[in-house]
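S.K.: To start, I am sharing the structure in question, which I have written as structure tokens.
The values are calculated or read from the model by the stated rules, or taken from the named source; none is laboratory data. Since this is a predicted model, take the numbers as computed values, not measurements. No Cβ is skipped: glycine too gets one built from the backbone with ideal geometry, and neighbour counts run over all protein chains shown.
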Amino acid sequence: MAQIRIENIRKEFGDFTAVQSSSFTVEDGEFFMLLGPSGCGKTTTLRMMAGLELPTSGRIYIDGEEVGQKPASQRDIAFVFQMFALYPHMNVRGNISYPLKSQGMPRAQIKAKVHEVAEVLGITDILDRPVGGLSGGDRQRVALGRAIVRAPKAFLMDEPLGALDAEFREHMSEELRALHDRMGATTVYVTHDQLEAMQMGDKIVVMNHGVVEQFGVPQDIYDWPATKFVAQFIGSPPMNFLEFQGVADEGAQSIQLGDSTHQVPSIREGAKGKLTFGVRPEHVALDDAAPYRGRALATEYLGTTQIVTFETPNGVLKARLPSSERIDHGQITGLRFDPRTVTLFDAESGAALKSEANEKVLSNG
Ligand code: ATP
């Protein structure tokens, strides 16, 4: 299996830059997610890793060897597409064995390998069935079988579950992750679904407009977003942003938001002017004694929790509260924010200001 290192890769299509100077490393055996909204450059990045697209500049290394200008056939990487096109005139066995036949492998060896892969995927009973009548899940398994049987250095997957309905998708994503854990194969997986990325990935790269916004383990990205874009793209509901004109002094442990003072993790990087106070909905609590006030606008009941929307002096804010808390429409109440979890941002650039809490995560990315 393989480590894949991307160094300052850039891809232009005519005047348009689809990927701007991106760098990150996929470690050997990792399940690695490329996450971002439609058009942000995920597929282009993956295609450059596979050798289906050549970078305009920058370098790609597989296990330390520079492969950026090598064609796909010389990279020993398997690409699994969203539309897992199977050969319709062949049965399951024919589809899975095809890559080995093309390599000229002896028949007995092919038979053994196909059986081994079918066992891993739990499809030994359908090996002689035509692919035409198979369910979506079985088609997906056959497509994976065809990729696995070659034992490539890495798997690249472009929204492989995108065509499946929600329930089945969840089932397949668990199966895919379990398969990965059994095989330990380096996998790079493209998705626009933040939940899928958080659930499946060892690491995530978040992209927007061709730029890598953040790179790290899911919990660090959720807790300590590097930019406002990441804070909004990840989490449901997303992080709240309270906009204010103010000062965040280096070394300070509190900031002034309107008429009230709020504790924040010790500031390492000072800033002043238009700032954003970021707090996740689950880190907002009701406290009658708190000076920062909000008026309840709406409540969304979710079973054990409820999402309550408040109007505050600095914008609308959502709080995730226990369903047992009674909040009447129009009620004005004090709001308290967990000071250990706050992120301050430069409102204009969108970059998170460094604090005692996030500086380690931001320096890693
Ligand atoms: P999606 O999830 O919608 O596939 P994506 O994040 O994978 O989005 P890409 O497919 O990498 O995005 O495309 C990034 C941008 O580059 C898009 O604006 C797309 O239109 C553009 N693009 C991709 N391939 C080409 C091409 N061959 N020629 C011109 N523009 C392209």
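S.K.: Could you check the stretch 1-17 and list, in sequence order, the residues that are closer than 18 Å to Gln69 by Cα and within 11 Å of the ligand (Cβ to nearest atom)?
M.R.: Within the stretch 1-17, Lys11, Glu12, Phe13 qualify.
Per-residue answers, yes or no, for (1) within 25 Å of Phe229 (Cβ to Cβ); (2) within 16 Å of the ligand (Cβ to nearest atom); (3) touching a residue at least 40 places away in the same chain (Cβ under 8 Å):
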position: Val19; (1), (2), (3): yes, yes, yes
position: Val26; (1), (2), (3): yes, no, yes
position: Ala50; (1), (2), (3): no, yes, yes
position: Pro55; (1), (2), (3): yes, yes, yes
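S.K.: Could you tell me whether the stretch 212-225 includes any residue that is small (Gly, Ala, Ser), assigned by TED's automatic domain parsing to the domain that holds Ser173 and under 29 Å from the mean Cα position of the chain (by Cα)?
M.R.: Yes, the stretch 212-225 contains at least one residue that is small (Gly, Ala, Ser), assigned by TED's automatic domain parsing to the domain that holds Ser173 and under 29 Å from the mean Cα position of the chain (by Cα).
S.K.: Looking at this structure, is Ile221 of a type in the set (A, V, I, L, M), closer than 13 Å to Ala352 by Cβ and at pLDDT 95 or above?
M.R.: When the stated conditions are applied, Ile221 passes them.
Matching residues to (1) more than 16 Å from the ligand (Cβ to nearest atom); (2) surrounded by fewer than 23 Cβ atoms within 10 Å (Cβ to Cβ):
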{"residue": "Ala185", "(1), (2)": "yes, yes"}
{"residue": "Val211", "(1), (2)": "no, yes"}
{"residue": "Gln214", "(1), (2)": "no, no"}
{"residue": "Pro225", "(1), (2)": "yes, no"}
{"residue": "Glu250", "(1), (2)": "yes, yes"}
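S.K.: Only one of these is farther than 30 Å from Gly145 by Cα and acidic (Asp, Glu): Asp165, Asp181, Asp220. Name it.
M.R.: Asp220
S.K.: So, one more: Going through the stretch 327-356 one residue at a time, which ones are farther than 23 Å from Asp287 by Cβ and among the aliphatic types (A, V, I, L, M)?
M.R.: If the condition is that a residue be farther than 23 Å from Asp287 by Cβ and among the aliphatic types (A, V, I, L, M), then Ala347, Ala351, Ala352, Leu353 are the ones that fit.
S.K.: Could I ask something else about it? Within 16 Å of the ligand (Cβ to nearest atom) and either touching a residue at least 40 places away in the same chain (Cβ under 8 Å) or under 16 Å from Leu335 (Cα atoms) (or both): does that describe Val279?
M.R.: Criteria not met by Val279.
S.K.: Would you be able to say whether some residue in the stretch 56-64 is aliphatic (A, V, I, L, M) and either in contact with a Ser or Thr (Cβ under 8 Å, 6 or more places away or on another chain) or surrounded by fewer than 18 Cβ atoms within 10 Å (Cβ to Cβ) (or both)?
M.R.: no
S.K.: So which residues in the stretch 247-280 are over 17 Å from Ala351 (Cβ atoms) and part of a loop (DSSP other than H, G, I, E, B)?
M.R.: Within the stretch 247-280, Asp249, Gly251, Ala252, Gln253, Gly258, Asp259, Ser266, Arg280 meet the criteria.
S.K.: Test of understanding: among Ser73, Ser102, Ser97, which residue is farther than 26 Å from Ala197 by Cα, more than 16 Å from the ligand (Cβ to nearest atom), of a type in the set (S, T, N, Q) and surrounded by 14 or more Cβ atoms within 10 Å (Cβ to Cβ)?
M.R.: After applying the criteria, what remains is Ser97.
S.K.: Please indicate, with yes or no, whether at least one residue in the stretch 34-48 is more than 10 Å from the ligand (Cβ to nearest atom) and either in contact (Cβ under 8 Å) with a residue 24 or more places away in the chain or not β-branched (Val, Ile, Thr) (or both).
M.R.: no
Here's the yes/no breakdown for (1) in contact with a Pro (Cβ under 9 Å, 6 or more places away or on another chain); (2) closer than 16 Å to Leu46 by Cα; (3) modelled with pLDDT of 85 or more; (4) among the acidic types (Asp, Glu):
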position: Val114; (1), (2), (3), (4): no, no, yes, no
position: Ala118; (1), (2), (3), (4): no, no, yes, no
position: Leu127; (1), (2), (3), (4): no, no, yes, no
position: Leu134; (1), (2), (3), (4): no, no, yes, no
position: Val149; (1), (2), (3), (4): yes, no, yes, no
position: Asp181; (1), (2), (3), (4): no, no, yes, yes
position: Asn208; (1), (2), (3), (4): yes, yes, yes, no
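S.K.: Name the single residue that is nearest to the ligand (Cβ to nearest atom) among those in the stretch 152-178 being surrounded by fewer than 15 Cβ atoms within 10 Å (Cβ to Cβ) and of a type in the set (Gly, Ala, Ser).
M.R.: Once the filter is applied, the top-ranked residue is Ala163.
S.K.: Kindly indicate which of Val230, Val205, Val190 is outside any strand (DSSP E or B), within 16 Å of the ligand (Cβ to nearest atom) and in contact (Cβ under 8 Å) with a residue 24 or more places away in the chain.
M.R.: Sole residue among the options that is outside any strand (DSSP E or B), within 16 Å of the ligand (Cβ to nearest atom) and in contact (Cβ under 8 Å) with a residue 24 or more places away in the chain: Val230.
S.K.: A further question follows. Residues of the stretch 298-338 being outside any loop (DSSP other than H, G, I, E, B), surrounded by 15 or more Cβ atoms within 10 Å (Cβ to Cβ), touching a residue at least 24 places away in the same chain (Cβ under 8 Å) and of a type outside the set (S, T, N, Q), which ones?
M.R.: Scanning the stretch 298-338 gives Ile307, Phe310, Leu317, Lys318, Ala319, Arg320, Leu321, Gly334, Leu335, Arg336, Phe337.
S.K.: Quick check on Leu286: is it among the hydrophobic types (A, V, I, L, M, F, W, C) and surrounded by 15 or more Cβ atoms within 10 Å (Cβ to Cβ)?
M.R.: yes
S.K.: Further, regarding this structure: So is Met48 surrounded by fewer than 16 Cβ atoms within 10 Å (Cβ to Cβ) and in contact with a Pro (Cβ under 9 Å, 6 or more places away or on another chain) or not?
M.R.: No, not satisfied.
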